[in-house]
Amino acid sequence: MQLNLTKPIVFFDLETTGVQVGSDRIVQICLLKIMPDGSESEMTSLVRPVDDKGNTMRIPAESVSIHHITDEMVADQRSFPEMAHDIADFIGDSDLAGYNSNKFDVPMLVEEFLRSGVEFSLENRRLVDVQNIFHRMEQRTLVAAYRFYCDKELDGAHSADADTRATYEVLKAQLDRYKDVPFVDRDGKSTFPVVNNIESLSRFSGNTQWADLVGHIGLDKNGHEVFNFGKHKGKTLEQVFTQEPAYYDWMMKADFPLSTKQVVMHVQRRMIEERRKKDQEKLQALKLKFEGEGKK
């Protein structure tokens, strides 16, 4: 089944120095762009990982053992900041899809763009996580998914190009397999979520209870930002920052992803603006009171 697209979608996969979004870096990226007419274009490149000062970082042995990308292989490659504009231009306004992408690849990609000073917004960009669809319906790995849905063995697993192409093929096979298959949620509600519509797939495979990209900050039933970790888990950010203002400073200095810190700053600025409005209302009320007393 071909994808029913109203705009381009980019399937992508990243290989990295590690799994910490705030401190690790991309060492390989593959982008497979599918147009509404079914035509394809691809961008694949090794990436030289650099720290915040532009110094080349070493790739840990445990990561090399997984993706087989060595320091020597990336030594003469461009760093992400050097290629960020090219990557952003290639993606354009496309939707994004990947395998475990909502939890890792999207936050890592956004983090690299933020570090590079290149604007890359997720607003009006739908995210489809093929792994979430797979895990909800079957609960397997990408290699097993490829075998299960496509009846093929995945050669070259853990290389960005092989994983990206496999992810694209798995999604198309999922659309065929689950076309009329119901999904029953925790409340017992039955729906048919796996349809050939990117917006619906994005909703079904997305993390709707997260305020940031990695899940450090969640959303309660009222849509308020809450902590998903630590001593304040379950408390709203506004409550904690009001009672313990130093916690905001700690978060901004700690090794959280920049995308998480953006959410924290947004909440802090909103609180400041709300306090400013309340102060103005109080001043206005006092002014009216004094003016009224003066006319007596």
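What follows is calculated from the coordinates using simple rules that are stated; it is not laboratory data. The shown structure was predicted, so the numbers you read here are calculated from the model rather than taken from an experiment. Note: ideal-geometry Cβ built from the backbone for every residue, glycine included; neighbour counts use all protein chains shown.
Residues ASP129, ASP76, ASP187 in ascending order of nearby Cβ atoms (within 10 Å, fewest first): ASP187, ASP76, ASP129.
In terms of its C-alpha gyration tensor, the stretch 39-150 has an oblate overall shape, because the principal axis ratio a/c (a ≥ b ≥ c, square roots of the eigenvalues) is not below 1.5 and a/b does not outweigh b/c.
Annotation for the stretch 1-68: trypsin sites (Lys or Arg not before Pro) lying in DSSP loop with at most 14 further Cβ atoms inside 10 Å of their Cβ are LYS53, ARG58.
With N the number of residues in the chain, Rg(Cα) / (2.2 N^0.38 Å) evaluates to 1.20.
Over the chain, dividing the summed -39,500 (n - 2.57) contributions of all DSSP H runs of at least 4 residues by the number of residues returns a 222 nm mean residue ellipticity of -13500 deg cm²/dmol. Ranking of LYS287, LYS7 by neighbouring Cβ atoms within 10 Å, starting from the fewest: LYS287, LYS7.
Exceedance of the 21 Å cut-off in Cα-Cα distance is limited, within the set LYS233/LYS261; LYS189/LYS221; LYS7/LYS261; LYS103/LYS179, to LYS7/LYS261; LYS103/LYS179.
The GluC sites (Glu not before Pro) of the stretch 129-184 that DSSP puts in a loop, and whose beta carbon has at most 11 other beta carbons within 10 Å, are GLU153.
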